[in-house]
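Below is one structure, written out as structure tokens, with a few remarks after it.
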């Protein structure tokens, strides 16, 4: 079911943003970039404060650099042309991730967390953590793929 909704939610977001205009769409997209970078920066702070693995810190730094590069491209290269496509890709990806993990929580939370060897009381926190840890890189990759495919299709016309 969540995979079916990717196309539906992406379409309606695309249509709404197309009617909203490029200026407002750019503001929405920049808020999304700031939120992602803010979350990843907080992850670096928590990893340093908790003396976590330097690999986790390096991964967050890499994701911040990748997000900043995508934000730069969206603001400079696209100049409002593909912003509705970028946001639609984000919404489609988050639709799938959010719904799959929500259904796991609603249906299988206790057995899922037990299979990970964790306390069932932590089910909500573990599933939200998985969603955030996988959702951000998944979103970044979706943006790269979707914009590349759309660009190739437009050049082929």
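Taken together, the values in this text are just the output of simple stated rules run on the coordinates, not laboratory data. None of the values given here were measured: they were computed from a predicted structure. A quick note on method: Cβ atoms are made from the backbone with ideal geometry, for glycine too, and the neighbour counts reach across all protein chains shown.
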Tilt relative to the chain, helix 83-115 - C-alpha long axis, 0 to 90 degrees, to 10: 20 degrees
CD proxy at 222 nm, helix term only [per DSSP H run n ≥ 4: -39500 (n - 2.57); per residue of the chain; nearest 500]: -30500 deg cm²/dmol
At 1.567 mPa s and 4 °C, Stokes D of segment 86-133 from Kirkwood alpha-carbon radius, µm² per second: 115 µm²/s
Relative contact order, percent, the chain [alpha-carbon distance under 8 Å, six or more residues apart]: 30 percent
The chain: angle of helix 54-73 to the longest principal axis, Cα-based, in degrees nearest 10: 20 degrees
Residue 103 paired with residue 56, simple spin-label distance in nm, labels 7 Å along Cα-to-beta-carbon: 3.0 nm
Stokes-Einstein D in µm²/s, Kirkwood radius over Cα pairs - the chain at 10 °C with 1.306 mPa s viscosity: 93 µm²/s
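Work out the FRET efficiency for residue 5 and residue 148 from their Cβ-Cβ distance, taking R0 = 25 Å, and round it to the nearest 0.05. Working shown, then result.
Values: r = 23 Å, r/R0 = 0.93.
Computed FRET efficiency for residue 5 and residue 148 comes out at 0.60.
Can you tell me the length gained on complete extension of the stretch residue 76 to residue 134, counting 0.36 nm per residue apart and subtracting the Cα distance?
Details: separation 58, 0.36 × 58 = 20.88 nm, distance 2.73 nm.
Full-extension gain reported as 18.1 nm.
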